[in-house]
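Chemist: Next up is a structure, given as structure tokens.
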Amino acid sequence: MSDTQTPPTNRKTAKAQGERRGLVIINTGHGKGKTTAALGLMMRAHGRGLKTRLFQFIKHEGAKFGEHRALNDLGVPFAGLGDGFSWRSQDLERSKELAREGWREAKEAVLSGDYDLVVLDEVTYPVSWGWFDVDEVVETLRTRPRNVHVVLTGRDAHPKLVEVADTVTEMRKIKHAFDADVPAQRGIEH
């Protein structure tokens, strides 16, 4: 018995006939690739002339990871709204306030209609921790201008976020180098 498959030769689904509109997309799960997929979508949108904006709820304002350098070179606006990983925080109350301030800024960008695509990277964490209200996030997604796409990333997406989303992808870890004691790699994880 062979392990190879025969490539499909006919389309099994009909072409969608609905109206084009902004989508809510969630990348969640415990596997690697949630932010990477969102950034890839930003690159695609930017390449098509769409106006994009990135808000990162965990990374701090001065972070200079690979994506920040690339976005800066492309002239794509981004904002680090946090102060790093929660387990490294010296003051979780300050972390919470940063997230709340960041949410106000991100919400304004989503509702403004000034952007075609807004990425809310790692937003599931402050939502899960109760740092800001999931119902307010859902209401923002529901009342945004019709053409605005929003991508949310992070583990354990709240069921209310999943419900309002058009597309939800769960990244499932099968294997990760970190489990074999391999540290994060420059250009791969940061």
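Chemist: Within segment 43-73, how many residues turn out to be assigned to a helix (DSSP H, G or I) and at pLDDT below 80? Outline the logic, then answer.
Modeler: The initial filter retains those residues of segment 43-73 that are assigned to a helix (DSSP H, G or I), namely 43-47, 66-73.
Then drop every residue that is not at pLDDT below 80, which leaves 66-72.
Selection size over segment 43-73: 7.
Chemist: Do any residues in segment 7-31 that are closer than 30 Å to HIS176 by Cβ and modelled with pLDDT of 85 or more have Cβ atoms under 6 Å from those of residues that are of a type in the set (A, V, I, L, M) and part of a loop (DSSP other than H, G, I, E, B), where the two are at least six apart or on different chains, and which pairs are they?
Modeler: Listed pairs, sorted by first residue: VAL24/ALA165; ILE26/ALA157; ILE26/ALA165; THR28/ALA157.
Chemist: Taking THR167 as the residue in question, decide whether it is surrounded by fewer than 12 Cβ atoms within 10 Å (Cβ to Cβ), under 24 Å from GLY29 (Cβ atoms), at pLDDT 95 or above and β-branched (Val, Ile, Thr).
Modeler: Details: surrounded by fewer than 12 Cβ atoms within 10 Å (Cβ to Cβ): yes; under 24 Å from GLY29 (Cβ atoms): yes; at pLDDT 95 or above: yes; β-branched (Val, Ile, Thr): yes.
So THR167 fits the description; yes.
Chemist: What number of residues in segment 139-152 are surrounded by fewer than 18 Cβ atoms within 10 Å (Cβ to Cβ) and touching a helix residue (DSSP H, G or I) at 6+ places or on another chain (Cβ under 6 Å)? Working first, answer last.
Modeler: Step one: of segment 139-152, the residues surrounded by fewer than 18 Cβ atoms within 10 Å (Cβ to Cβ) are 139, 142-143, 145-147.
Restricting the remaining residues to those that are touching a helix residue (DSSP H, G or I) at 6+ places or on another chain (Cβ under 6 Å) gives none.
The total comes to 0.
The values are calculated or read from the model by the stated rules, or taken from the named source; none is laboratory data. Bear in mind that the values here come from a model prediction, so they are computed numbers and not experimental data. Quick reminder, even Gly has a Cβ in these numbers, built from the backbone with ideal geometry, and neighbours come from all protein chains shown.
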